[in-house]
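Below: the structure, in structure tokens.
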Amino acid sequence: MDRFPFPDDLIDAQREWHATYRALAVPRPRHATELRRRLLLLSVRIHWHPFWSTPAGWSPAARVELRRLTAAGERRTDAA
């Protein structure tokens with residue numbers, strides 16, 4: 001059972017954020033400006049997602065868990 005019921009679009013945005021960050025972190029990345037803009041857009045989308053206004057999203061631990069879940073590449077399972 002998931003401790004935090006993250007919506008799929010929030011998980012996808014966070015995964016894409018990690019992928020974009022990794023692409024930007026390589027030495028001399030191609031299309032660096034586009035990558036920086038994409039990272040900023042994803043950061044805003046994640047930060048202002050409606051999930052954070054729900055009781056489950058109020059906990060700072062929820063943000064940490066979302067980053068942990070998506071950085072590790074784990075798959076979400078719905079056990080509801």
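All but one of (1) open to solvent by 40 Å² or more (accessible area, probe 1.4 Å); (2) at pLDDT 95 or above hold for R75, so report the exception by its number.
Failed condition: (2).
Restricting to the stretch 55-72, give me the number of residues that are in a loop (DSSP other than H, G, I, E, B) and either acidic (D, E) or farther than 15 Å from I11 by Cβ (or both).
Residues that pass the stated criteria total 2.
For the stretch 1-53, which residues satisfy the criterion of being of a type in the set (F, W, Y), within 18 Å of A72 (Cβ to Cβ) and assigned to a loop (DSSP other than H, G, I, E, B)?
Within the stretch 1-53, F4, F6 qualify.
Mind checking which pairs have a first residue in the stretch 39-58 that is over 16 Å from A19 (Cα atoms) and in contact (Cβ under 8 Å) with a residue 12 or more places away in the chain and a second that is open to solvent by 50 Å² or more (accessible area, probe 1.4 Å) and not small (G, A, S), Cβ under 8 Å, 6 or more apart or different chains?
So the pair list comes out as H49/D9; A56/P5.
Quick check on A19: is it touching a Pro at 6+ places or on another chain (Cβ under 7 Å) and closer than 21 Å to L69 by Cα?
No: the conditions fail for A19.
Being in contact with a Leu (Cβ under 8 Å, 6 or more places away or on another chain), open to solvent by 50 Å² or more (accessible area, probe 1.4 Å), of a type in the set (D, E) and modelled with pLDDT of 95 or more is the requirement here; does E16 meet it?
yes
The values are calculated or read from the model by the stated rules, or taken from the named source; none is laboratory data. Keep in mind that what you see is a predicted model, and the values were worked out from it rather than measured. Quick reminder, even Gly has a Cβ in these numbers, built from the backbone with ideal geometry, and neighbours come from all protein chains shown. For the accessible areas, the whole protein counts, side chains as well, though only heavy atoms, and no ligand, DNA or RNA atoms are used. Shrake-Rupley method; radii C 1.70, N 1.55, O 1.52, S 1.80 Å.
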